[in-house]
Amino acid sequence: MKLICTEVNFKKAIFNCERVVSKKNTLPILNNILFETEKGGLKLSATNLEIGVSSKIGAKIEKEGRITIPAKLISNFSANLPSGENISLELVDNNLKIKSGINKAIIKGISAEDFPLLPLRKTEYLLDLSSLELKTAILKVMPAVAFNESRQELTGINLILKEKELIFAATDSFRLSECQIKIEEININKETYKLFIEKNENVIIPANVLGELNRMLAPDIDNRVKITIEEGQIFFEIDGIKLVSRLINGKYPEYKHIMPAEYKTRIVGEKQVLQNAIKMASVFSAGGSNEITLKISQEEEKIFILSSSAEVGENSAELKFDITGPSQEVVFNAKYLLDGINATTTSQVAILLNSEATPVAVREINEKSGEVLDNFTYIVMPIKN
């Protein structure tokens with residue numbers, strides 16, 4: 001193998017692959033990234049046998065070849081390379097010679113013969129989505145995932161596939177997050193999608209896979225993400241990057257029944273103001289439950305964020321929010337409430353309540369009309385006194 005590539009593309013490919021490499025691998029080969037020439041380019045691949053990722057970049061190939069290189073070492077090396085210099089790679093026996101500007105290195109590799117083959121999709125793509133829409137949905141539901149849960153299905157994100165919308169949902173039993181994406185014919189492989197949803201109404205995607213996908217999606221560039229689901233696996237393809245993972249087996253809990261159909265009380269106000277008040281209150285909250293009180297006064301047309309502890313003292317904030325419906329007083333875990341507010345993407349938010357003991361919803365507000373939007377709902381359970 002002998003080739004030249006740009007520093008920017010090289011670093012990007014390393015970035016996309018190295019995080020998939022597990023620190024707990026018992027097989028030495030799985031601690032490595034596979035470097036191989038393929039169709040006039042350089043392809044890097046990594047896997048931990050649960051998730052696999054490959055990233056292909058343009059390169060001037062002088063000689064074909066393949067080798068695996070320790071992921072941590074090549075990541076640290078590439079991170080310290082200066083910007084703007086081309087990178088030359090040459091394989092001599094099982095040693096990879098790297099040259100970039102004034103920097104030279106020889107890294108001992110392991111033969112690629114034992115590197116596991118990444119699964120390849122066998123069918124056509126199912127979905128073709130906007131990367132910005134997908135990134136937004138991931139960020140909105142991720143806070144509610146249960147990461148250390150004996151019930152494996154709760155460590156994933158439930159994707160419900162419907163004719164005209166996709167629904168992403170996550171819950172850890174204390175809170176629930178649901179985000180909807182509208183889809184049209186341009187977003188689906190029409191025949192394949194119709195057959196698929198007749199047999200499969202939902203799949204459970206491991207949250208860490210969507211976390212890795214989120215890292216790969218640029219926050220300000222709208223690319224197309226092609227998604228294929230087959231034989232217990234899900235495939236994502238975007239801009240030369242391929243990500244594959246097993247799906248989680250099991251049945252996701254029915255959650256729709258805990259989402260109230262209507263609410264008695266609604267408050268609407270500035271997101272930033274509410275965030276700051278909750279953060280301040282949490283500083284004074286008592287014990288591990290991180291309790292704060294949200295007091296809504298219809299008579300005074302104000303809301304109060306209150307907290308106190310015998311060790312620290314007490315705190316209160318008085319906010320002038322728009323209030324509809326009767327007065328309420330509800331106790332929350334400050335972090336759980338704040339996670340839902342942080343997940344919103346509008347400058348104003350709505351909190352919807354029925355009583356001190358029933359689920360409370362956080363939703364976004366249409367900036368122009370002031371309407372409460374229903375395509376994202378974050379549900380948090382109050383703490384019962």
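Put simply, of D322, D339 the only residue that is surrounded by fewer than 17 Cβ atoms within 10 Å (Cβ to Cβ), assigned by TED's automatic domain parsing to the domain that holds A277 and at pLDDT 95 or above is D322. Evaluated against (1) in contact with a Gly (Cβ under 8 Å, 6 or more places away or on another chain); (2) among the charged types (D, E, K, R); (3) within 20 Å of M216 (Cα to Cα), E36 falls short on exactly one condition, (3). The single residue among A144, A207, A218, A169 that is modelled with pLDDT under 95, outside the structural domain of I14 (by TED's automatic domain parsing) and among the hydrophobic types (A, V, I, L, M, F, W, C) turns out to be A218. Hey, among the residues in region 159-202 that are surrounded by 19 or more Cβ atoms within 10 Å (Cβ to Cβ) and among the β-branched types (V, I, T), which one's nearest to G52 (Cα to Cα)? Per the criteria, the residue is I188.
Is it true that I379 is within 29 Å of I160 (Cβ to Cβ), touching a Pro at 6+ places or on another chain (Cβ under 6 Å) and either among the β-branched types (V, I, T) or assigned to a strand (DSSP E or B) (or both)?
Values: within 29 Å of I160 (Cβ to Cβ): yes; touching a Pro at 6+ places or on another chain (Cβ under 6 Å): yes; either among the β-branched types (V, I, T) or assigned to a strand (DSSP E or B) (or both): yes.
Against the criterion (within 29 Å of I160 (Cβ to Cβ), touching a Pro at 6+ places or on another chain (Cβ under 6 Å) and either among the β-branched types (V, I, T) or assigned to a strand (DSSP E or B) (or both)), I379 qualifies.
The set of residues in region 50-98 that are touching a strand residue (DSSP E or B) at 6+ places or on another chain (Cβ under 9 Å), without any contact (Cβ under 8 Å) to a residue 60 or more places away in the chain, surrounded by fewer than 18 Cβ atoms within 10 Å (Cβ to Cβ) and not in a strand (DSSP E or B) comprises L73, F77, N80, N94. Look at region 174-188: where a residue is under 14 Å from K256 (Cβ atoms) and a partner is hydroxyl-bearing (S, T, Y) and assigned to a strand (DSSP E or B), sitting 6+ places away or on another chain with Cβ atoms under 7 Å, you get S177/Y378; E178/T377.
Filter region 265-296 down to residues that are touching a residue at least 60 places away in the same chain (Cβ under 8 Å) and assigned to a strand (DSSP E or B), then give me how many there are. I'd like the intermediate steps shown before the answer.
Let us first name the residues in region 265-296 that are touching a residue at least 60 places away in the same chain (Cβ under 8 Å), namely 265-272, 274-275, 278, 289, 291.
From what's left, assigned to a strand (DSSP E or B): 265-270, 291.
Count: 7.
Of the residues examined, A310 is not one that is at pLDDT 95 or above and of a type in the set (G, A, S). Go through region 99-125 and give me each residue that's of a type in the set (A, V, I, L, M) and surrounded by fewer than 13 Cβ atoms within 10 Å (Cβ to Cβ). I102, I106, L117, L120 - these are the residues of region 99-125 that are of a type in the set (A, V, I, L, M) and surrounded by fewer than 13 Cβ atoms within 10 Å (Cβ to Cβ).
The values are calculated or read from the model by the stated rules, or taken from the named source; none is laboratory data. What you are looking at is a predicted structure, and each value in this text was computed from that prediction instead of being measured. For neighbour counting, all protein chains shown are included, and Cβ atoms are generated from backbone atoms with ideal geometry for every residue, glycine included.
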